[in-house]
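The values are calculated or read from the model by the stated rules, or taken from the named source; none is laboratory data. Please read all numbers here as calculations on a predicted model, not as lab measurements. Here the Cβ is made from the backbone with ideal geometry for all residues, glycine too, and neighbour counts use every protein chain on show.
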Amino acid sequence: MSIKNRMSGNEALGEAIRQINPDVMPAFPITPSTEIPQFVSNMIANGQVDTEFIPVESEHSAMSAAMGSEAAGARTITATSSCGLALMWEVLYVAASSRLPIVMCCVNRGLTGPLNINAEHSDSMGARDSGWLQIYAENNQEAYDNMLMAHRIAEHPDVRLPLMICQDGFITSHAVENILLEEDGPIREFVGKYEPEHYLLNEKETMAMGPYANSPYCMEAKRAQVQGMMNAKQVILDVAKEYAKISGREYGLFEEYKMNDAKYVLVAIGSACGTIKDAVDELRKEGIKAGMIKVRVFRPFPADELAKALSKASVVAVMDRAESYSGQGGPLGAETMAAMYRNKCTAEAINVVYGLSGRDVTVKDIKKLYLQLISIEANGAKGREYQYLGLRG
């Protein structure tokens, strides 16, 4: 039976970690993820978990330690944000290529510069090609639920890849919302005990970790890694179905909101999706066929599934809370439009960059964007294919 509570997003992740009771957590503090290792440290001190916490000298060291503990056979979690994730960059690729199912709480914050501490997806989106799975939360409930499913996905024998559980800094990480928690017993049974097939502290292990692979071998290793990413789609769906039996909350690769007859559609990731839903509800009352798709799983990217969901739309705006400096928009826009093109989706599509460095996005802003989509249907995009929402001057 679910238990009603009120928690911030970071508290929700801390509660999920308590229920998982991982073996090891190496971490270094950085705003706005600092509270997560703080919560876990307090739980250890209070005897609520028996996790081994490793205070390290940097985020690079945190990911290096996570690699070591995971390779040794220990279920491992860490947490970071922004420049902390950037400092891990070298080791992110090594962890993924070594097929180590580390789970990271990534509290999204803009990368410097200019220096800011607010919500943006530039940190995790910058790491989108590192080989990590990425799952994003709209709200605190989803952050909690995603964390509880993370190890079942990452550790699956058909996947064996590290996974980032992402939520928007301050907007969800520090904001308190009503939340439903699950009881410890069913969750611990659901998460299960970590029993890796290969690990370095196994006295019979003959495998090495972090091998040198030159041209005769490296392409095959990378293709095997890609297969794990491809397999993750079905594993994510299967784990979500099993979790729904416990919680009653269902999750897919993305969420469709009022899409049955939608002509004007926004595609987005994270906390802004709640604002978009409110705008959709108001526009529907006005007779406008607005809809939204919230992308939950960015890696693996659900290209074919997303294109199918957009196949009946007239005009689509893909929303990016990160700038890729391609002169064309952001990463979600690029991948969504590529998926639409490959699947011969005929909807007109534009890319909208929004909310950088925590810039507010209001229902009024979103409604204006939907009205712009109606104008595009009638008159064409005419140079508006790549734009910023709420830009001053």
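In region 125-145, of all residues being without any contact (Cβ under 8 Å) to a residue 60 or more places away in the chain and either buried (at least 20 other Cβ atoms within 10 Å of the Cβ) or closer than 29 Å to Lys4 by Cα (or both), the one that is farthest from the chain's Cα centre (by Cα) corresponds to Ser130. Screening region 1-74 for strands (runs of 3 or more DSSP E) wholly inside it with 3 or more residues that are under 25 Å from Leu161 (Cβ atoms) and more than 22 Å from the chain's Cα centre (by Cα) returns the ranges 52-55. Contact map, region 154-180: residues that are in contact (Cβ under 8 Å) with a residue 12 or more places away in the chain and outside the structural domain of Ala322 (by TED's automatic domain parsing) paired with residues that are of a type in the set (Ser, Thr, Tyr) and not in a loop (DSSP other than H, G, I, E, B), Cβ distance under 6 Å, separation 6+ or inter-chain. Pairs shown: Met164/Ser124; Cys166/Ser124; Cys166/Tyr136; His174/Ser8; Val176/Ser8.
The sole residue among Tyr199, Tyr194, Tyr212 that is touching a Lys or Arg at 6+ places or on another chain (Cβ under 8 Å) and within 25 Å of Met88 (Cβ to Cβ) is Tyr194. Of the candidates Ala322, Ala313, the single residue that is at pLDDT 95 or above, on the phi < 0 side of the Ramachandran plot, crowded, with 23+ Cβ neighbours inside 10 Å and out of contact with any strand residue (DSSP E or B) (no Cβ under 7 Å at 6 or more places or on another chain) is Ala322.
Looking only at region 254-278, residues that are farther than 14 Å from Val363 by Cβ and in contact with an Asp or Glu (Cβ under 6 Å, 6 or more places away or on another chain) come to 1 in all. Among the conditions (1) of a type in the set (Val, Ile, Thr); (2) farther than 30 Å from Met147 by Cβ; (3) surrounded by fewer than 17 Cβ atoms within 10 Å (Cβ to Cβ), Thr362 misses just one, which is (2).
Quick one: is Ala244 modelled with pLDDT of 95 or more and under 30 Å from Val316 (Cα atoms)? No. Figure legend. Inter-residue proximity from region 100-112: first residues at positive phi, second residues buried (at least 24 other Cβ atoms within 10 Å of the Cβ), beta-carbon distance below 6 Å, spacing 6+ or different chains. No pairs are indicated.
Of the candidates Ser173, Ser215, the single residue that is among the hydroxyl-bearing types (Ser, Thr, Tyr) and at pLDDT 95 or above is Ser173. Tell me, which residue of region 307-323 that is hydrophobic (A, V, I, L, M, F, W, C), in a loop (DSSP other than H, G, I, E, B) and farther than 30 Å from Asn118 by Cα is farthest from the chain's Cα centre (by Cα)? Out of the qualifying residues, it is Ala313. Total residues in region 1-42 satisfying the condition of being farther than 30 Å from Leu115 by Cβ and either among the charged types (D, E, K, R) or surrounded by fewer than 19 Cβ atoms within 10 Å (Cβ to Cβ) (or both): the figure is 10. Of everything in region 74-96 that's under 21 Å from Gly14 (Cβ atoms) and among the aliphatic types (A, V, I, L, M), which residue is surrounded by the most Cβ atoms within 10 Å (Cβ to Cβ)? In this case the residue turns out to be Ala79.
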